[in-house]
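Trainee: I have a structure here, written as structure tokens, and I will follow up with some questions on it.
The values are calculated or read from the model by the stated rules, or taken from the named source; none is laboratory data. Just so we're clear, the structure is a prediction, and the values are computed from it rather than from any experiment. Neighbour counts run over all protein chains shown; Cβ positions are idealised from the backbone, glycine included.
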Amino acid sequence: MKAPSTKVRFQEATKLLDYGFNNYSYKELGKKGDIVKSVLINKGTKNSVNAVLENDVGILLKKGEESNITQTLNLSDIFYAPINAGDKLGSMTFELNGNTIACVDLISDSDVNKNTLFNMSKETIFDWLYLLRN
């Protein structure tokens, strides 16, 4: 900021920007809504639901370090109904050389209602009717 002239100040700013663009790049790790895994749902009207990324995930990295990124999935194997769209199911952590660089929540992409005796009876009756028609 205390450059002797405007010309020198712009030259120094140009050097700084050139250094940044030559040595660093933005790495997109995931987009909002990307399906990470399908999880099992017990006692629900559906058997499974997709765990999706809640937000976009990205990081500014030194060029060449993209291959050192590891991801860890923190997610239970089985969930119990009811589950609403947007409920947190777990998280995904991204690490670079053992240091956490980003973490994003995994959420449900759809609703799963709890299975009731009425729902099970209705489904069984419809299955019988379907079999009788064929």
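Trainee: Considering only segment 83-114, state which residues are surrounded by fewer than 16 Cβ atoms within 10 Å (Cβ to Cβ) and over 16 Å from N50 (Cβ atoms).
Mentor: Within segment 83-114, T93, E95, N97, G98, N99, T100, C103, N113, K114 qualify.
Trainee: Sticking with this structure for a sec: I want to confirm something. Restricting to segment 35-66 and keeping residues that are polar (S, T, N, Q) and closer than 21 Å to D105 by Cβ, which single residue is surrounded by the most Cβ atoms within 10 Å (Cβ to Cβ)? Steps first, answer last, please.
Mentor: Keep residues of segment 35-66 that are polar (S, T, N, Q), which gives 38, 42, 45, 47-48, 50, 55.
Applying the additional criterion that residues be closer than 21 Å to D105 by Cβ yields 38, 48, 50, 55.
Numbers: S38: 12, S48: 14, N50: 17, N55: 13.
Here the answer is N50.
Trainee: Any idea which of E54, E95 is acidic (D, E) and over 11 Å from the mean Cα position of the chain (by Cα)?
Mentor: On the way: E54 fails: over 11 Å from the mean Cα position of the chain (by Cα).
E95 is the lone residue from the list that is acidic (D, E) and over 11 Å from the mean Cα position of the chain (by Cα).
Trainee: In segment 89-100, what count of residues is obtained for those that are in contact (Cβ under 8 Å) with a residue 24 or more places away in the chain and either not small (G, A, S) or not in a strand (DSSP E or B) (or both)? First the steps, then the outcome.
Mentor: Residues of segment 89-100 in contact (Cβ under 8 Å) with a residue 24 or more places away in the chain: 89-90, 92, 94-97.
Checking the rest, the ones that are also either not small (G, A, S) or not in a strand (DSSP E or B) (or both) come to 89, 92, 94-97.
Residues in segment 89-100 being in contact (Cβ under 8 Å) with a residue 24 or more places away in the chain and either not small (G, A, S) or not in a strand (DSSP E or B) (or both): 6 in total.
Trainee: Do you know which of the residues in segment 62-87 that are touching a Lys or Arg at 6+ places or on another chain (Cβ under 9 Å), in a strand (DSSP E or B) and without any contact (Cβ under 8 Å) to a residue 40 or more places away in the chain is farthest from N119 (Cα to Cα)?
Mentor: L73
Trainee: OK, next. Could you tell me whether segment 26-34 includes any residue that is under 14 Å from the mean Cα position of the chain (by Cα) and exposed (fewer than 11 other Cβ atoms within 10 Å of the Cβ)? Break it down stepwise before answering.
Mentor: Step one: of segment 26-34, the residues under 14 Å from the mean Cα position of the chain (by Cα) are 28-34.
Still in the list and also exposed (fewer than 11 other Cβ atoms within 10 Å of the Cβ): 28.
Yes: segment 26-34 contains one or more residues that are under 14 Å from the mean Cα position of the chain (by Cα) and exposed (fewer than 11 other Cβ atoms within 10 Å of the Cβ).
Trainee: Which numbered condition in (1) surrounded by 13 or more Cβ atoms within 10 Å (Cβ to Cβ); (2) modelled with pLDDT under 90; (3) not acidic (D, E) is the only one that I69 fails?
Mentor: The one condition I69 does not meet is (2).
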